[in-house]
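Asker: The structure that follows is given in the form of structure tokens.
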Number of protein chains: 2
Amino acid sequence: MRIHNFNPGPSALPLAAKERAQREMLDIEGTGISILEHSHRERTYEAIHREAIALLRSYLQVPETHEIIFMQGGGRMQFAFVPLNMLKPGQSADYVITGAWAKQAYEEAQRVSALIGASVRKAGSTEVDGRFNRIPRNEELVLDPNAAYVHITTNNTIFGTQWHWLPETNAPLVADASSDIGTRSMDWKRFGLVYAGAQKNLGPAGVTVVIARKDWMREGRSDIPQIFQYRAYAESESLLNTPPVFAIYMVRNTVQELLAWGGLSAIEKESEEKARMIYDVIDSFPDFYRAPVEKESRSRVNIVFRLPTEELEKRFLSQAKERGFIGLKGHRSVGGIRASLYAALRKESAEALADFMEKFAKGH
Amino acid sequence: MRIHNFNPGPSALPLAAKERAQREMLDIEGTGISILEHSHRERTYEAIHREAIALLRSYLQVPETHEIIFMQGGGRMQFAFVPLNMLKPGQSADYVITGAWAKQAYEEAQRVSALIGASVRKAGSTEVDGRFNRIPRNEELVLDPNAAYVHITTNNTIFGTQWHWLPETNAPLVADASSDIGTRSMDWKRFGLVYAGAQKNLGPAGVTVVIARKDWMREGRSDIPQIFQYRAYAESESLLNTPPVFAIYMVRNTVQELLAWGGLSAIEKESEEKARMIYDVIDSFPDFYRAPVEKESRSRVNIVFRLPTEELEKRFLSQAKERGFIGLKGHRSVGGIRASLYAALRKESAEALADFMEKFAKGH
């Protein structure tokens with residue numbers, strides 16, 4: 001049975017990327033040893049490391065104004081690293097709260113501010129009764145013109161909302177783009193720093209991609225621990241200490257394949273099509289499928305919906321699983337159904353799911 | 001040609017651990033997807049995660065007084081996390097400086113102290129002209145009886161020295177054991193916290209094993225970012241956020257194999273034998289091989305030596321490589337030769353190297 005992997009992350013990887021890893025697991029490039037056993041200071045790994053950065057630059061269309069670095073600890077470690085690096089004592093940063101992770105980013109920044117004598121502000125929130133069903137309009141935001149930066153979460157994995165515009169501000173934008181990086185083009189000149197755990201769109205768990213404007217990053221604090229400093233990773237080409245070798249190797253394999261599939265413009269187009277197929281079914285059966293998210297804020301990568309009853313949701317999930325659709329359960333904090341359509345999920349999978357959803361609605 | 005992998009880290013892994021990864025790369029346990037594509041919140045991965053912790057507890061003989069957690073960022077991230085968690089404003093911690101990494105641990109702790117209003121002391125150092133050729137005697141240490149903890153580096157990878165005794169103190173010991181964990185038994189009741197990047201003895205790069213006394217760890221600060229807090233990892237069984245799935249999976253595969261090889265007592269015995277074989281050749285040709293390290297401080301896992309000239313060292317390395325011995329170049333900061341004999345390096349490899357060294361000495 002073909003598995004259609006809708007996992008919210010870690011999630012589907014290109015077959016060729018995995019096949020290559022399998023082929024090279026015992027002996028990479030005739031060296032007689034595994035990629036896992038190579039020193040990170042030797043030629044074999046260094047070439048892969050540099051290639052991964054170059055392919056990311058090409059795929060994500062990152063201009064030379066920005067540096068690409070590899071870190072560890074996931075998006076959540078960045079919740080702490082961003083204010084530690086980019087917020088100086090006495091300064092303040094703005095956070096827009098559009099979901100659970102955005103809120104956690106804000107709370108970590110609060111802990112950092114208390115430690116270093118800075119402050120953070122809520123510049124806006126769309127929370128209603130613990131839920132977030134939309135992205136705020138620009139006029140709802142109360143932005144501090146002197147903010148060190150404005151933090152947003154480009155896509156909210158749990159609630160299925162996504163920014164389709166950007167806050168109007170002169171401050172550098174900082175974005176957690178873990179769930180939609182690599183599925184759409186970005187206006188890089190607006191972003192001071194973008195971070196993303198690789199495990200949704202760019203590779204496996206275990207490496208975080210950080211893309212930062214070089215001049216801004218250099219203004220970051222240099223009196224925090226060196227291993228927290230973006231500049232130290234940039235200066236060492238992300239070889240400050242032993243990097244997560246295999247995760248970076250898999251990012252290389254994955255992004256290489258995404259480029260072979262036509263690159264970002266093709267993936268972006270496919271992303272729109274995949275999402276449209278699912279939303280079309282939802283909208284065709286308004287009495288059966290209920291999408292809580294406001295249309296203008298709908299996410300293309302995490303499609304969240306409910307069925308008339310929890311009983312039907314259980315039946316939906318169980319029949320889906322029998323047909324090879326996995327990972328469709330909504331986040332444990334909100335329930336319901338969630339289909340995650342990341343970069344490496346092929347259109348056929350979205351098509352098959354749309355077909356199943358249609359049949360299920362008609363049959364119930 | 002059989003490769004004998006003396007890499008200083010990442011380094012050799014058991015063949016069976018890699019073969020299993022190869023076998024399961026496209027489909028693990030009949031799920032139809034790769035271990036890389038499984039959600040970390042689902043049964044397949046969770047079982048591996050728990051098994052990895054249980055196997056580590058068994059292999060390293062960790063008592064229930066101590067918690068085992070998985071983190072990211074390598075030993076170097078711990079240089080910052082240890083003082084952030086375990087040093088309160090106004091307190092002081094002792095650091096014993098026995099090598100380059102010990103020094104960096106001290107320097108990161110200095111940066112943390114300056115940030116939070118605590119302090120760190122050098123309780124001893126064996127540095128002479130930028131080199132460290134021995135571990136200090138207990139009577140050389142000037143320990144603070146009120147220290148929050150005493151930090152040591154159990155084995156110094158670059159200089160090839162190793163602690164074969166422990167400082168006499170009532171303060172909890174904190175140890176960077178990256179290079180010798182899993183190669184010898186430890187007196188756990190002496191240690192408040194031990195950390196180790198997995199990539200030398202326990203698995204691949206990308207995961208850090210932290211073993212901490214539960215009661216002491218709970219005294220750690222709770223007002224630092226949550227993602228820095230040991231207690232938060234402990235409470236979530238290291239599933240606070242997406243863990244480095246594949247690295248932990250490989251730790252499971254690796255430690256399972258080390259247990260199959262006879263467990264820690266067998267590996268410790270083998271470790272002594274491997275080291276003895278190499279040191280015996282060095283000591284048999286004192287005019288040819290020169291070991292800079294004082295005998296009582298010799299490391300069993302990183303054996304550092306020089307040849308009469310740099311020219312001969314080059315020839316040694318090049319002939320060694322032709323025979324399949326890789327990773328023997330000394331650290332770029334000190335030059336010379338270094339043979340790293342970590343847990344998964346088989347005795348035959350040490351035997352073969354000893355044989356080559358003997359022939360090389362006789363032939364030159």
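Asker: Using label points projected 7 Å from each Cα along Cα→Cβ, tell me how many nm separate residue B:347 and residue B:294, to one decimal.
Answerer: The answer from the label model is 3.2 nm.
Asker: Separation between the residue A:168 and residue A:114 pseudo-spin-labels, each 7 Å from Cα along Cα→Cβ, expressed in nm?
Answerer: Calculated label separation equals 3.6 nm.
Asker: Any idea what log10 I(q)/I(0) is at q = 0.13, 0.16, 0.17 Å⁻¹ for region B:199-278, Debye with uniform C-alpha scatterers and no solvent?
Answerer: For region B:199-278 at q = 0.13, 0.16, 0.17 Å⁻¹, log10 I(q)/I(0) is -0.58, -0.78, -0.84.
Asker: Put A:187, B:176 in order of accessible area, largest first, 1.4 Å probe: what do you get?
Answerer: A:187, B:176
Asker: Calculate the all-directions average of the projected area of region A:262-338's alpha-carbon convex hull, and give it in nm².
Answerer: Taking the Cα atoms of region A:262-338, their convex hull projects to 6.0 nm² on average.
Asker: Here's another thing I want to ask about it. In nm to one decimal, list the spacings between the residue B:309 label point and its equivalents in the other copies, with label points set 7 Å along Cα to Cβ, shortest first.
Answerer: 9.0
Asker: OK, next. When the dipole is taken about the Cα centre of chain A, and only Lys, Arg (+1) and Asp, Glu (-1) are charged at their Cβ, what size is it in debye, to the nearest 20?
Answerer: Details: 46 positive and 45 negative charges, 99 e Å.
About 480 debye.
Asker: What shape does region A:86-203 have by the C-alpha gyration tensor, where a ≥ b ≥ c are the square roots of the eigenvalues, rounded means a/c under 1.5, and otherwise prolate means a/b greater than b/c and oblate the rest?
Answerer: Because its axes are fairly even, with a/c under 1.5, region A:86-203 counts as rounded.
Asker: Select from region B:281-364 those GluC sites (Glu not before Pro) which occupy a DSSP coil region and have at most 10 other Cβ atoms within 10 Å, ordered by residue number.
Answerer: Here no GluC sites (Glu not before Pro) fit, given the DSSP loop and packing criteria.
Asker: Would you kindly work out, in nm and rounded to one decimal, the distances from the label point of residue A:129 to those of the same position in each other copy, ordered shortest first, with label points 7 Å along Cα-to-Cβ?
Answerer: 7.7
Asker: Here's a follow-up. Using only protein heavy atoms and a 1.4 Å probe, report how much of residue B:129 is accessible, in Å² to the nearest 10.
Answerer: Ignoring ligands and nucleic acids, residue B:129 comes out at about 150 Å².
Asker: Here's a follow-up. Taking a threshold of 26 Å on the Cα-Cα distance, which of the pairs A:214/A:347; A:18/A:189; B:200/B:269 fall above it?
Answerer: Table pairs above 26 Å Cα-Cα are A:214/A:347; A:18/A:189.
Asker: I've got another one for you. What does the net charge come to around residue A:164 if you take all other residues with beta carbon closer than 10 Å to its beta carbon, with K and R at +1 and D and E at -1?
Answerer: Within the 10 Å Cβ shell, the charges total +2.
Asker: Continuing with this model, one more query. Would you work out which of A:319, A:340, B:164 lies farthest towards the positive end of the dipole of the protein assembly as shown? Charges go on Cβ: Lys and Arg +1, Asp and Glu -1.
Answerer: So the residue furthest toward the plus end is A:319.
Asker: Tell me, Kirkwood radius of the protein assembly as shown from alpha-carbon pair distances, in Å? Don't jump to the answer; show the numbers that get you there.
Answerer: Numbers: mean 1/r = 0.0374 Å⁻¹.
One decimal place: 26.7 Å for the Kirkwood radius.
Asker: Please report, for residue A:185, the nm distances (one decimal) from its label point, 7 Å out from Cα along the beta-carbon direction, to the equivalent points in the remaining copies, shortest first.
Answerer: Sorted ascending, the copy-to-copy spacings read 6.5 nm.
Asker: Counting only Cα, what are the radius of gyration and maximum Cα-Cα distance Dmax of region A:1-60, in Å?
Answerer: Final numbers for Rg and Dmax: 14.4, 42 Å.
Asker: Tabulate in residue order the Karplus-calculated ³J(HN,Hα) for region A:330-340, using 6.51 cos²θ - 1.76 cosθ + 1.60 with θ = phi - 60°, rounded to whole Hz; enter x for Gly and Pro.
Answerer: 3J(HN,Hα) across region A:330-340, in whole Hz: x, 4, 3, 7, 10, x, x, 10, 9, 9, 9.
Asker: Let me ask something else. What are the trypsin sites (Lys or Arg not before Pro) within region B:103-193 that DSSP puts in a loop, where the Cβ has at most 16 other Cβ atoms within 10 Å? Don't skip to the end; give the middle numbers.
Answerer: Details: sites: B:103, B:111, B:121, B:122, B:131, B:134, B:137, B:184, B:189, B:190; in loops: B:134, B:137, B:184.
In loop regions of region B:103-193 (DSSP not H, G, I, E or B), the sparsely surrounded trypsin sites (Lys or Arg not before Pro) are B:137.
Asker: Quick one: compute the contact order of chain B, relative version, from alpha carbon pairs under 8 angstrom and 6+ residues apart, as a percent.
Answerer: Details: 693 pairs, mean separation 84.3, N = 364.
It comes to 23 percent, rounded to a whole number.
Asker: Amide H of residue B:97 versus every other amide H placed in the peptide plane: which residues, excluding those fewer than 5 positions away on the same chain, fall under 5 Å?
Answerer: Distant-sequence amide H within range of residue B:97: B:123, B:124, B:125, B:126.
Asker: Name the residue farthest towards the positive end of the dipole of the protein assembly as shown from the options A:233, A:39, A:354, assuming +1 on Cβ of Lys and Arg, -1 on Cβ of Asp and Glu, about the Cα centre.
Answerer: Projecting each Cα onto the dipole axis, the largest value belongs to A:354.
Asker: Same structure again: Are any of the pairs B:295/B:362; A:321/A:359; B:314/B:359; B:103/B:295 more than 20 Å apart by Cα-Cα distance, and if so, which?
Answerer: Listed pairs above 20 Å: B:295/B:362; B:103/B:295.
Asker: To the nearest 20 debye, what is the magnitude of the charge dipole of region A:52-132 about its Cα centre, counting +1 on the Cβ of each Lys and Arg and -1 on the Cβ of each Asp and Glu? Before the final figure, lay out each step's value.
Answerer: Numbers: 8 positive and 7 negative charges, 24 e Å.
The calculation lands at about 120 debye.
Asker: Here's another thing I want to ask about it. Can you find, among B:89, B:128, B:16, the residue sitting farthest towards the positive end of the charge dipole of region B:1-130, where Lys and Arg contribute +1 and Asp and Glu -1 at Cβ?
Answerer: The Cα lying farthest towards the positive end belongs to B:128.
Asker: How large are Rg and Dmax for region B:15-260 when calculated on the C-alpha trace, in angstrom?
Answerer: Radius of gyration, then largest Cα-Cα span, for region B:15-260: 18.5, 61 Å.
Asker: In terms of solvent-accessible area of protein heavy atoms at a 1.4 angstrom probe, what is the ranking of A:108, B:168, highest value first? Could you put the intermediate results ahead of the total?
Answerer: Numbers: A:108 5, B:168 140 Å².
Order by accessible area, largest first: B:168, A:108.
Asker: How much of the accessible area of the protein assembly as shown, probe 1.4 Å, is carbon plus sulfur, in whole percent?
Answerer: 46 percent
Asker: Tell me the relative contact order for region A:218-357 as a rounded percent, counting alpha carbon contacts under 8 Å between residues six or more apart.
Answerer: 21 percent
Asker: Hey, got a sec? Which GluC sites (Glu not before Pro) in region B:9-78 land in a DSSP loop and have at most 15 other Cβ atoms within 10 Å?
Answerer: B:29, B:42, B:64
Asker: How high is the relative contact order of region B:83-224, in percent, counting Cα pairs under 8 Å that sit 6 or more residues apart?
Answerer: 22 percent
Asker: A follow-up question, please. Could you compute the net charge surrounding residue B:269? Neighbours are other residues with a C-beta less than 14 Å from the C-beta of residue B:269; K and R count +1, D and E count -1. Provide the component values of the computation, followed by the final result.
Answerer: On the way: positive: B:184, B:274, B:276, B:300, B:346, B:347; negative: B:268, B:270, B:272, B:273.
Summing Lys and Arg as +1 and Asp and Glu as -1 gives +2.
Asker: Separate question: With n ≥ 4 as the cut-off for DSSP H runs, can you work out [θ] at 222 nm for chain A, using -39500 (n - 2.57) per run divided by the number of residues, rounded to the nearest 500?
Answerer: Rounded to the nearest 500, it is -12000 deg cm²/dmol.
Asker: Excluding residue B:66 itself, what net charge comes from residues whose Cβ is under 14 Å from its Cβ, given Lys and Arg +1 and Asp and Glu -1?
Answerer: +3
Asker: Let me ask something additional. Quick one: dipole size for region A:263-363, taken about the Cα centre, charges +1 on Lys/Arg Cβ and -1 on Asp/Glu Cβ, in debye to the nearest 20.
Answerer: That gives region A:263-363 a dipole magnitude of about 340 debye.
The values are calculated or read from the model by the stated rules, or taken from the named source; none is laboratory data. Since the model is a prediction, treat every value here as computed from it, not as a measurement. When we count neighbours, we look across all protein chains shown, and the Cβ atoms used for this are built from the backbone with ideal geometry, even at glycine. Protein only, heavy atoms only, side chains kept; ligands, DNA and RNA dropped before computing areas. Shrake-Rupley method; radii C 1.70, N 1.55, O 1.52, S 1.80 Å.
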